[in-house]
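Participant: Sending over a structure as structure tokens; questions will come in a sec.
The values are calculated or read from the model by the stated rules, or taken from the named source; none is laboratory data. If you're wondering where the values come from, they're calculated on a predicted model, not measured in any experiment. Every residue, glycine among them, receives a Cβ derived from its backbone with ideal geometry; neighbour counts consider all protein chains shown. Heavy atoms of the whole protein, side chains included, go into the accessibility calculation; ligands, DNA and RNA do not. Shrake-Rupley method; radii C 1.70, N 1.55, O 1.52, S 1.80 Å.
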Amino acid sequence: YDDAGTSGPAPQLEHCSRSCQIPYQQSHVFLQQEVNQFQNRLNRSMMECNDKARDYMTPGYEKDARKMKKVEDVALQCIKKTVDQHIALLQPMKKRIAAQLSSI
């Protein structure tokens, strides 16, 4: 409200109000995009882990404890690797977000 004060003309107050909201809206959109991209990558990686585990499933595997253990091990190893990789991506993502927010 710097331009219009607190008692300026209504159109000028509305313009000031909209102008003040722009940085917030830009920040929100950027943050949502970053989070969505991260979640999408994580989801794709988890689907790949499911596919890898499924590749080890053969007819009757559920009746064979050794085969079940192999499928579980493959899935868990892949999930652990995926989680570790995505945890490592959080710091660069934080830096990107901070840099973008400071420029708005």
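Participant: Residue check: is Arg18 within 13 Å of the chain's Cα centre (by Cα) and of a type outside the set (A, V, I, L, M)?
Facilitator: no
Participant: Is it the case, given these coordinates, that Ser7 is of a type in the set (Gly, Ala, Ser), outside any helix (DSSP H, G or I) and modelled with pLDDT under 95?
Facilitator: Details: of a type in the set (Gly, Ala, Ser): yes; outside any helix (DSSP H, G or I): yes; modelled with pLDDT under 95: yes.
Criteria met by Ser7.
Participant: Can you confirm whether Leu101 is open to solvent by 60 Å² or more (accessible area, probe 1.4 Å) and in contact with a Ser or Thr (Cβ under 6 Å, 6 or more places away or on another chain)? Steps first, answer last, please.
Facilitator: On the way: open to solvent by 60 Å² or more (accessible area, probe 1.4 Å): yes; in contact with a Ser or Thr (Cβ under 6 Å, 6 or more places away or on another chain): yes.
It is true that Leu101 is open to solvent by 60 Å² or more (accessible area, probe 1.4 Å) and in contact with a Ser or Thr (Cβ under 6 Å, 6 or more places away or on another chain).
Participant: Does the stretch 38-68 hold any residues that are open to solvent by 60 Å² or more (accessible area, probe 1.4 Å) and under 30 Å from Ile97 (Cα atoms), and which are they?
Facilitator: Within the stretch 38-68, Gln39, Asn40, Arg41, Asn43, Arg44, Met47, Glu48 meet the criteria.
So that you can scan it fast, the table gives a plain yes or no per residue for (1) more than 18 Å from the chain's Cα centre (by Cα); (2) over 30 Å from Glu34 (Cα atoms):
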site	(1), (2)
Arg54	yes, yes
Gly60	yes, yes
Ala65	yes, yes
Val71	yes, yes
His86	no, no
Leu89	no, no
Pro92	no, no
Ile104	yes, no
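Participant: Then there is this: Name the residue, out of Val35, Val83, Val71, that is of a type in the set (Val, Ile, Thr), surrounded by 12 or more Cβ atoms within 10 Å (Cβ to Cβ), in contact with a Phe, Trp or Tyr (Cβ under 9 Å, 6 or more places away or on another chain) and part of a helix (DSSP H, G or I). Can you show your working first?
Facilitator: Values: Val35 fails: in contact with a Phe, Trp or Tyr (Cβ under 9 Å, 6 or more places away or on another chain); Val83 fails: in contact with a Phe, Trp or Tyr (Cβ under 9 Å, 6 or more places away or on another chain).
Answer to the check: Val71.
Participant: Right, here's the next one. Please go through the stretch 45-70 and pick out each residue that is of a type in the set (A, V, I, L, M, F, W, C) and either touching an Asp or Glu at 6+ places or on another chain (Cβ under 9 Å) or at pLDDT below 95 (or both).
Facilitator: Quick first cut of the stretch 45-70, residues of a type in the set (A, V, I, L, M, F, W, C) only: 46-47, 49, 53, 57, 65, 68.
Of everything in the stretch 45-70, those that are of a type in the set (A, V, I, L, M, F, W, C) and either touching an Asp or Glu at 6+ places or on another chain (Cβ under 9 Å) or at pLDDT below 95 (or both) turn out to be Ala53, Met57, Ala65, Met68.
Participant: Let me ask something else. Cβ-Cβ under 7 Å, sequence separation 6+ or interchain: first residue in the stretch 15-31 and modelled with pLDDT of 85 or more, partner in a helix (DSSP H, G or I). Which pairs?
Facilitator: These pairs meet every condition: Ser27/Leu101; Phe30/Gln100; Leu31/Ile97.
Participant: Does any residue in the stretch 69-96 that is charged (D, E, K, R) come within less than 8 Å, Cβ to Cβ, of a residue that is surrounded by 11 or more Cβ atoms within 10 Å (Cβ to Cβ) six or more places away or on a different chain, and which pairs are these?
Facilitator: Once the first residue is charged (D, E, K, R) and sits in the stretch 69-96, its partners that are surrounded by 11 or more Cβ atoms within 10 Å (Cβ to Cβ) give Lys70/Tyr56; Glu72/Ala53; Arg96/Glu34.
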